[in-house]
Amino acid sequence: MRGLFRGKKKDEKLLAKQQEFEQQLFPGVKERKKAKQKRHNKKPLLHGGSGETAAGVEEQIEQQLPEMVWENLYDTRDSYPIIEYLPSEEESESASLTPSFVLELTWPRIIQFYHPSSPHCRSLQPIYVAVARGIKRRSSRLPVEFHALNCGIHRDVCEQTFNIQSVPTFLGLRSGAIEGNVISLPGNMEGTYDSKAYMEKDVALKVEHIANAMGIPLDAVVSDIDDTLKSSGGVTVAGVTLGGVDVQYSRGDFYPGVFQFMWELSLHSVLINERYYDEHAAGKNRGNGGLSISPPKVAVLTARAEEFKAALEIKDESKLAQAFRRTGEASAINPTKGWGVGPVLYGSVSEWVMQYKKGLRKFNNFERLLEQDPTGQIMQYIYVGDTGELDQEAGETMLREYPEVVQAVFLHVVSADPPSTYPPSGLPIPAPKLVNGRPLVFFRTYVGAAAKATQLGLMEPNGLLRVVEEAEKSLKAQGVPESNNKWTDIARDVDEAYRTLGEMF
């Protein structure tokens, strides 16, 4: 039973006193609880440690407890600062399965998904409260909210919105985002801790770190598509370019190493956070496994017209989306399922006709992207574009207006001139420059881009090596002869990559 006297032996007078006190603290709590249970009469989610299938557990519970009311563990005064999810009447009546607190808050939050029938969840309840209180007392750098969601009552929300497979699970969410950072469960779900103190230290370490990591910005890559991720082929219709000017690669060809480059940029800040966790945990008791943070997905700013979205939309089954996913899944470091294309912000037909508007439109779309985190405390950005369609104008404007959140701008140097006209050493590359104290870098291949990113401290040295390996493997797989100028460009940048590494070690 919930209340201020939970866990104590009650006589009839004490029980009456508790019920009276609860009614004073939470007017109408009984009525709301009955109404809520009527709306959410769902099967319970499987909890860890049983070794049984979800279907088997559900069948047993249905047979034994057909009228069970799954009580909330965190909706009492003594659970502060944990906020129990209690949907409003409007939420309950709507078809949405997204809790309002996910969309309304503009700062990070940590959610514990639990089932009240799970012994693990019950044992974690006082620990979660204590850890949250400690963080609230000590953390002034960034506000963090703590939530709890009862999967016995809100099963659809747990499974369909958050893809929760077992409980207890902790999820760290950044502002305005459903996809978050799952905190590995402390200890072994099949066993127990040696002591409650050991368990509390482990939970505290992991929850507190994810709260701190929320305040350490992750690097999110923002990318163009045509002539940045893949070649436009320089195709034009009635004198209007269809996406770009590059004629070195055929239309639709992915640039060698591009997906590995995007992955390594996204992964860099994640590795910093995880190393911080490992160092912080050194010499202290902790459970099995470390902290796992998913790299941010790549946001896309494109001049493609939204009016033609039905034909130009980046779909999950597209070659582009699949290439991103394969890169994340195949990574030797932090393999991640589902990594790839994030939000896509389009242009319009007017920019296709009036080309000079493309740069401004991409910058305006970037400002729309910033609305999810205007402070830059949660996410910082690296823009990757090309020199063919006013991406430089967009990138320089980002650096002038938002130097506090834009880490750097990388521009892929492309040309409408045929490769046969290039100098023997390759196409000239403009010198890098600073805009408002932030770097704007030009590159010919993604090996060169990775070398410059490593020099700027935006990529791991081993990440640079992985980009080199992937770029060379890609060209070989395409059967490009070694005499081709594509190899000339790659070889020049591989030399720079090894010079960079030599200077670091």
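Accessible surface of Lys357, taken over heavy atoms with a 1.4 Å probe and every protein chain present, rounds to 70 Å². Could you please state how large a percent of the accessible area of the range 378-505 is carbon and sulfur, counting protein chains only and using a 1.4 Å probe? C and S atoms contribute 52 percent here. Please work out whether the range 392-505 counts as rounded, prolate or oblate from its C-alpha gyration tensor, where a ≥ b ≥ c are the square roots of the eigenvalues and a/c under 1.5 means rounded, while otherwise a/b larger than b/c means prolate and anything else oblate? In terms of gyration-tensor shape, oblate.
In terms of distances greater than 21 angstrom between alpha carbons, the cross-link table entries Lys315/Lys452; Lys433/Lys486; Lys319/Lys358; Lys230/Lys473 yield Lys315/Lys452; Lys433/Lys486; Lys319/Lys358. Rolling a 1.4 Å probe over the protein chains gives Tyr255 an accessible area of about 10 Å².
The values are calculated or read from the model by the stated rules, or taken from the named source; none is laboratory data. All of these numbers come straight from a predicted model, not from anything done at the bench. Surface accessibility is based on the protein's heavy atoms, side chains included, excluding ligands, DNA and RNA. Shrake-Rupley method; radii C 1.70, N 1.55, O 1.52, S 1.80 Å.
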